[in-house]
Amino acid sequence: MPIRVVLGLSEQDLDYFRRVLDSVWKHNQKRAEKELVDGARRLLKQASKVGAPEYVRSRLAELEVLCTMLDDSEWPLEDDDRNRIRAALGYFAVAKDMIPDKIPGIGFLDDALMAELVARELKPELDGYRSFCEYRDNEKSLRGKTQVTRLDWLAAKRRQIWLRIKRRQQDGILRYSY
C-alpha cells in the first residue's frame, strides 16, 4: 500500500535552500556550461537507472527542460537568464549533496526538493520555453513551404515570449535571483 508524505516548508526553510543554491553557484560559476549541463544530465540518468521514486523523477524532469533550453540554438538566452539557469543546474552537477543518492527511497529527496525550488524560481522561463517549443512544432507541421521563413516566424515568437517572461519577472513572480 503506497504512503503519501506531504512536506511543508516555511519561508525560512526555503531561504535556507536558496542560500545553498547560491553557495553552490558561487563555488561553480567558473565551471563551463557544458560541464554543468552534463553533470545535471548524469544525475537524471542515475535517478532513472536506479528507479528513483516517481515524486523524484517528476521533479527532476524539469532539469532536462533547463538543459535543453541552454542547448537550443533557436532559443537564444540573454546572459542574465543563461546565468540563472546555469546557477540552478550547478547544484545537480555536483556529485556530493545533502543526502547521498545511494540511500534507497530517499537518496534523491534533496535533489527533488531543489528541483522543485528551481522550477518555481524559473517558472516564467520554463513556461516560455515550453510555449516556444509547442509553437515551433506546430508551425513546422502547419507551414510547409511558404515565403515566410522559419527564422522569421521563430524570431517573432521568441520576441513575443521574451516580452511575456520579462513582464512576469518585473511583476514580481520571481523573488530570488542567482
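The values are calculated or read from the model by the stated rules, or taken from the named source; none is laboratory data. Since this is a predicted model, take the numbers as computed values, not measurements. Heads up, the Cβs are rebuilt from the backbone with ideal geometry, glycines too, and the neighbour counts pull from every protein chain shown. These accessible areas exclude ligands, DNA and RNA; they are computed on the full protein's heavy atoms, side chains included. Shrake-Rupley method; radii C 1.70, N 1.55, O 1.52, S 1.80 Å.
Look through segment 30-79, keep the residues that are open to solvent by 90 Å² or more (accessible area, probe 1.4 Å), outside any helix (DSSP H, G or I) and not small (G, A, S), and return whichever of them is farthest from L154 (Cα to Cα).
This residue is V50.
Is it the case that L113 is open to solvent by 10 Å² or more (accessible area, probe 1.4 Å) and over 17 Å from S58 (Cα atoms)?
no
Given V65, V50, V37, which one is more than 24 Å from P124 (Cβ to Cβ) and of a type in the set (A, V, I, L, M, F, W, C)?
Going through V65, V50, V37 in turn, just one is more than 24 Å from P124 (Cβ to Cβ) and of a type in the set (A, V, I, L, M, F, W, C): V50.
Assess whether I85 counts as being open to solvent by less than 50 Å² (accessible area, probe 1.4 Å), of a type in the set (A, V, I, L, M) and not in a helix (DSSP H, G or I).
Judged against the criteria, I85 is not a match.
Looking at V6, V20, V94, V24, which one is buried (at least 19 other Cβ atoms within 10 Å of the Cβ) and at pLDDT below 90?
Residue meeting the stated conditions: V24.
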